[in-house]
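Here the structure comes first, spelled out in structure tokens, and everything after it is commentary.
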Amino acid sequence: MTAEQAAKEIQVLTEQINYHNDLYYQQHRSEISDYEFDQLLKKLQALEEQFPTLKQMDSPTQRVGGTITKNFQQVVHQYPMLSLGNTYSPEELTDFDARVAKGLEGEAYEYFCELKFDGVSISLIYEEGILVRAVTRGDGVQGDDVTTNVRTIRSIPLRIKNHQVPARFEVRGEIFLSKEIFLQLNKDREDIGEEKYANARNTASGTLKMQDSGEVARRKLNCFVYYLLGEENNISTHEESIHLLEKWGFNVSPTYAKCASIESVLHYIDSWEKKRLDLPLETDGVVVKVNKLAQQQQLGFTAKSPRWATSFKYKAESVSTRLNAITYQVGRTGAITPVAELEPVFLAGTTVKRASLHNANEIERLGLCIGDYVFVEKGGEIIPKVTSVDLSKREAARFPVQYISHCPECGTALTREEGEAQHYCPNSLGCAPQIRGRIEHFIQRKAMDIDSLGEQTIKQLNELGLVKSPADLYDLSKNDFLKLDKVKDKSAQNMLDGIVASRQAAFESVLFAIGIRHVGKTVAEKIARHFKNMEAIAKASIEDLLKAPEVGEKIAQSVYTFFRDERNQREIERLKMAGLAMESNSKEPEKESDALGGKSFVISGVFENYERDELQEIILKNGGRILSGVSGKLDYLVAGDNMGPSKREKAEKLGVTIISEKEFEELLKKG
């Protein structure tokens, strides 16, 4: 393919991808499957890699991520991002209206109302219709440049299709995680034995500041915009600006309304108090703005907030109900989660029967007794939680709940590691929920992707004694599946075919699938590519593991412990015999020069411009060698920030040359 042909193909693919993206996010419908969309994106990515000069800064492939940002540059806002004043009652809102009327000296005015989304404020700067910068609110005067991460958000236009846009303008909005994505993220964390995120807002904020934009893309952040700023917008009301943003292809929530009076505003607030619970994201109130921009300017600002706008905060709905019992769930990793069994009560649009109590510390903090009346709220409008005890209803002679000491499923004594809040059942290979959970984890889409099986199938196979570990799946026959309830010949064959097909899964997927605690999909991929094969990972010391990207003390200890267990060793050997990949197909970096001529290096600490695996790749590409630890044979210790003192002391004692990041770059140039 010539460059000219590639340019035409890139243009066609870009238009197709942008069309389907707009269809999905602006019109809430789709004409192709997610798989077909991803294939278009992959095709465009391949062409851009083949012809890098044809890649545009607003290409849809920018949304895939992959860039590492070590430090987020501080940017001063052209227009300060002030916070809003809050009101909590109709009376306070009426007082706000009186101040507006006084400030406008009898001139007629109207309001514009929007739901207040519980997310992260963002400023989007466009020049010549192209997104050039995205900045967080920060302290209102300056914030962090998070452009690379924001480009991964598919509902934010990278280029405005409409040609009649100002040379420069700013759009403000709220970046959020949908309820569905937040729940899935927590499910994934629970699956690998990590503590669940507390709420969607903080999780969205943390995601936006991640160094790896590829991981940001996988989190599927979304954005609603609500404000247009600029010198050349030629609009007179806020309502006009909202319609202009819609016309330009921005994602505007259709929940807004223009209100002629404060009475209409109160009606809007009342009408959305219940309806907002059905929205796909969290809301915590309503923003009320004077509609005319000239009147906004006339009213002006206080030191902290505009006088022409305020927010009304909905009270978190809290109900009192009886705590009938506490049950204890056992997760795949053995983590014990206590659950409050409640007298059913209607709360925030749904009937609540159960609520998480998190851990023993939370039960002790609340001072719970069975039979207590407890107050229940929906945390972040998603997950029911017990907030306190209604002591006025407590009967005499109640005794505080004593946390269980043994597993409710298998009776094994529970353990609790120092510094951890959760209790664990250590009987990983004999506790039924852990066994089934481990197999369910193994077959999931992100792991071995055996979609022909499911939770109920795994449960039946386990109860029949046919499957007690993932490796047992590869010993099953068609006749074994026919023993299951309601399974006929075709279904049995499909299940068997799914297992056979899973043998083609990449090593990175296999490593994630075996279920090492604290090792999620991304970490598994990094470890696999760092060590290349299962044998190297199994033999690695904790010090070796800490050299892999994304691996800290907790993960290193978990991986090390996993591979020292003989039962896990036997399981991996069986998976190997079943034909699963035990080695990564990622290629060794091609040699670029011999600048480092056989010199050996150890890399330790955190660096300003590189990840550790990037430095390793540079060393290998330029003829150097990577050693596992400091010894008398080592030529250079490349020292970053937060390097362990013991490693430096050992290098100094052995006379090893210690160099900084800058000195390493100079060494590379000299070579």
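No lab work stands behind these numbers, since they all come straight from the coordinates. For clarity, every value in this text was computed on a predicted model and none was experimentally measured. So basically every Cβ, Gly included, is an ideal-geometry build from the backbone, and we count neighbours across all protein chains shown.
Here residue 591 is the anchor, and the lysines within straight C-alpha reach of less than 25 Å, apart from those fewer than 8 places off in the same chain, are 526, 532, 547, 599, 621, 633, 662, 669, 670.
Mean sequence separation of contacting Cα pairs (under 8 Å, at least six apart), scaled by the length of the stretch 58-141, corresponds to a relative contact order of 34 percent. Using a Förster distance of 30 Å, how high is the FRET efficiency between residue 15 and residue 218, based on the Cβ-Cβ distance and rounded to 0.05? Efficiency for this residue pair is about 0.75.
Here the simple spin-label model places points 7 Å from the Cα toward Cβ, and for residue 271 and residue 246 these points are separated by 1.4 nm. Count neighbours as other Cβ atoms within 10 Å of each site's Cβ, and list the trypsin sites (Lys or Arg not before Pro) in the stretch 405-491 that are DSSP loop with at most 16 such neighbours. For trypsin sites (Lys or Arg not before Pro) across the stretch 405-491 that sit outside H, G, I, E and B with at most 16 neighbouring Cβ atoms in 10 Å, the list reads 416, 445, 446, 468, 483, 486, 488. Considering only the other residues whose Cβ falls under 13 Å of the Cβ of residue 206, what net charge follows from Lys and Arg at +1 and Asp and Glu at -1? Surrounding charge for residue 206 is +1.
Pairs over the 23 Å Cα-Cα cut-off, from the set 8/55; 289/313; 209/539; 521/554: 209/539.
Put a dot 7 Å past the Cα of residue 322, heading toward its Cβ, do the same for residue 418, and the two dots end up 4.5 nm apart. The modelled label-to-label distance for the pair residue 391/residue 99, using points 7 Å beyond Cα in the direction of Cβ, is 3.7 nm. For the chain, the residue among 183, 631, 44 whose Cα projects farthest onto the positive side of the dipole built from Cβ charges is 631. Taking the Cα centre of the stretch 542-671 as reference, the dipole from Cβ charges on Lys and Arg (+1) and Asp and Glu (-1) amounts to some 460 debye. Ignoring lysines fewer than eight residues from residue 459 along the same chain, the ones with Cα atoms less than 16 angstrom from its Cα are 468, 483, 486.
Local charge for residue 428 was computed over the other residues whose Cβ lies under 14 Å away, with Lys and Arg +1 and Asp and Glu -1, and equals +4.
Cross-link reach is defined here as a Cα-Cα straight distance under 22 Å, omitting same-chain residues fewer than 8 places apart; for residue 292 the lysines meeting it are 102, 116, 247, 258, 304. Taking a ≥ b ≥ c as the square roots of the eigenvalues of the Cα gyration tensor, an a/c ratio of 1.5 or more together with a/b no larger than b/c marks the chain as oblate.
Taking 0.36 nm per residue of sequence separation and removing the Cα-Cα distance, the residue 57/residue 459 pair yields an extension gain of 139.8 nm.
Isolated cysteines in the chain, defined as those with no second cysteine Cβ under 4.7 Å, comprise 113, 223, 259, 369.
Here the relative contact order of the chain, from alpha carbon pairs under 8 Å that lie six or more residues apart, stands at 9 percent. The sum of -39500 (n - 2.57) across all DSSP H runs of n ≥ 4, divided by the residue count of the chain, sets its helix-only mean residue ellipticity at 222 nm to -11000 deg cm²/dmol. Cβ crowding within 10 Å, taken as a proxy for footprinting-reagent exposure, orders 617, 571 from fewest neighbours to most as 617, 571. Placing +1 on each Lys and Arg Cβ and -1 on each Asp and Glu Cβ, with no other charges, gives the chain a dipole about its Cα centre of roughly 1040 debye. Remark: the stretch 75-313 carries a charge dipole of roughly 440 debye about the Cα centre, counting +1 on each Lys and Arg Cβ and -1 on each Asp and Glu Cβ.
Work from the charge dipole of the stretch 75-313 (Cβ charges, +1 for Lys and Arg, -1 for Asp and Glu, about the Cα centre) and give the residue of 119, 251, 272 farthest towards its positive end. With unit charges placed on the Cβ atoms, the residue in question is 251. Selection among 330, 19, 79 by position relative to the dipole of the chain gives 330 as farthest towards the positive end (Cβ unit charges, Cα centre). Here the contact order of the stretch 507-577, divided by its residue count and restricted to Cα pairs under 8 Å and six or more residues apart, works out to 28 percent.
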